[in-house]
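Visitor: Sharing a structure below in structure tokens format, with a few things to ask.
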Amino acid sequence: MKDKLFIEEKTKEILGDGELFLVEVKVSKNNVIQVFIDGDNGVKIQDCIDLSRSLEECLDRESEDFELSVLSFGLEEPLKLQRQYVKNIGRSLQVESEEGSFTGVLKSVEEESFTIELKKKNKKDKENDNLKTYNYKEIKSAKVVISFK
């Protein structure tokens, strides 16, 4: 089985400090490798192709056969990295926590937490009353709400 850490390190090395970044690597027992990337300004198909070719060169198919897929991180997937939160400031998030499920606009992102503005319940609500800060560790998931407006 291919080494997941090796693939993660090589992917980060290839991507460098540019606008594309590694989100996750999955390696199955039968060597199906999935590399999920995201980008500050999105991911193009050519980005996936280029990374796939570069990773192929780092992996030895002679010693062990494998299947490699480089994929753009899905819109419906929960956010995993702080950098993904940063790129989505100003967008609506659906947050699942121990307290329940909340929808609001992502207002700010810190190293350990993020703040969303919840929808006002009534006109008397003050703006600051609707701000909720979550520590990344205390949430189950946070997904971008897709709007076709």
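The values are calculated or read from the model by the stated rules, or taken from the named source; none is laboratory data. Please read these numbers as outputs of a predicted model, since none were measured by experiment. Glycine also receives a Cβ, built like all others from the backbone with ideal geometry; neighbour counts cover every protein chain displayed.
Visitor: Given the conditions (1) under 30 Å from residue 114 (Cα atoms); (2) loosely packed, with under 13 Cβ neighbours inside 10 Å; (3) at pLDDT below 95, and given that residue 13 satisfies all but one, which numbered condition is not satisfied?
Guide: Condition not satisfied by residue 13: (3).
Visitor: Please state which of the following conditions residue 124 fails to meet, knowing it meets all the rest: (1) basic (Lys, Arg); (2) farther than 19 Å from residue 24 by Cβ; (3) modelled with pLDDT of 90 or more.
Guide: For residue 124, the exception is condition (3).
Visitor: Identify, from the list 83, 91, the residue that is touching a Ser or Thr at 6+ places or on another chain (Cβ under 9 Å) and basic (Lys, Arg).
Guide: Going through 83, 91 in turn, the sole match is 91.
Visitor: Tally up the residues in segment 1-25 that are touching a residue at least 24 places away in the same chain (Cβ under 8 Å) and in a strand (DSSP E or B), please.
Guide: 4
Visitor: State all residues of segment 135-149 that are without any contact (Cβ under 8 Å) to a residue 40 or more places away in the chain and either on the phi > 0 side of the Ramachandran plot or not in a helix (DSSP H, G or I) (or both); if no residue qualifies, say none. Spell out the reasoning first.
Guide: Keep residues of segment 135-149 that are without any contact (Cβ under 8 Å) to a residue 40 or more places away in the chain, which gives 135, 137, 148-149.
Within segment 135-149, 135, 148, 149 meet the criteria.
Visitor: Sticking with this one: If the requirement is being modelled with pLDDT of 95 or more and farther than 21 Å from residue 19 by Cβ, which of these qualifies: 70, 145, 105?
Guide: On the way: 70 fails: farther than 21 Å from residue 19 by Cβ; 145 fails: modelled with pLDDT of 95 or more.
After ruling out the rest, the residue left standing is 105.
This table checks each residue for (1) modelled with pLDDT of 95 or more; (2) at positive phi; (3) acidic (Asp, Glu); (4) not assigned by TED's automatic domain parsing to the domain that holds residue 21.
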site	(1), (2), (3), (4)
36	yes, no, no, no
42	no, yes, no, no
47	yes, no, yes, no
51	yes, no, no, no
54	yes, no, no, no
57	no, no, yes, no
62	no, no, yes, no
65	no, no, yes, no
77	no, no, yes, yes
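Visitor: Test residue 19 against the criterion of being farther than 20 Å from residue 139 by Cβ, loosely packed, with under 12 Cβ neighbours inside 10 Å and either in contact with a His (Cβ under 9 Å, 6 or more places away or on another chain) or charged (D, E, K, R) (or both), and give yes or no. It would help to see each step written out before you state the result.
Guide: On the way: farther than 20 Å from residue 139 by Cβ: yes; loosely packed, with under 12 Cβ neighbours inside 10 Å: no; either in contact with a His (Cβ under 9 Å, 6 or more places away or on another chain) or charged (D, E, K, R) (or both): yes.
Spelling it out, it is not the case that residue 19 is farther than 20 Å from residue 139 by Cβ, loosely packed, with under 12 Cβ neighbours inside 10 Å and either in contact with a His (Cβ under 9 Å, 6 or more places away or on another chain) or charged (D, E, K, R) (or both).
Visitor: Could I ask something else about it? Could you list, in sequence order, the residues of segment 90-101 that are farther than 11 Å from residue 143 by Cα and touching a Leu at 6+ places or on another chain (Cβ under 7 Å)?
Guide: 90 - this is the single residue of segment 90-101 that is farther than 11 Å from residue 143 by Cα and touching a Leu at 6+ places or on another chain (Cβ under 7 Å).
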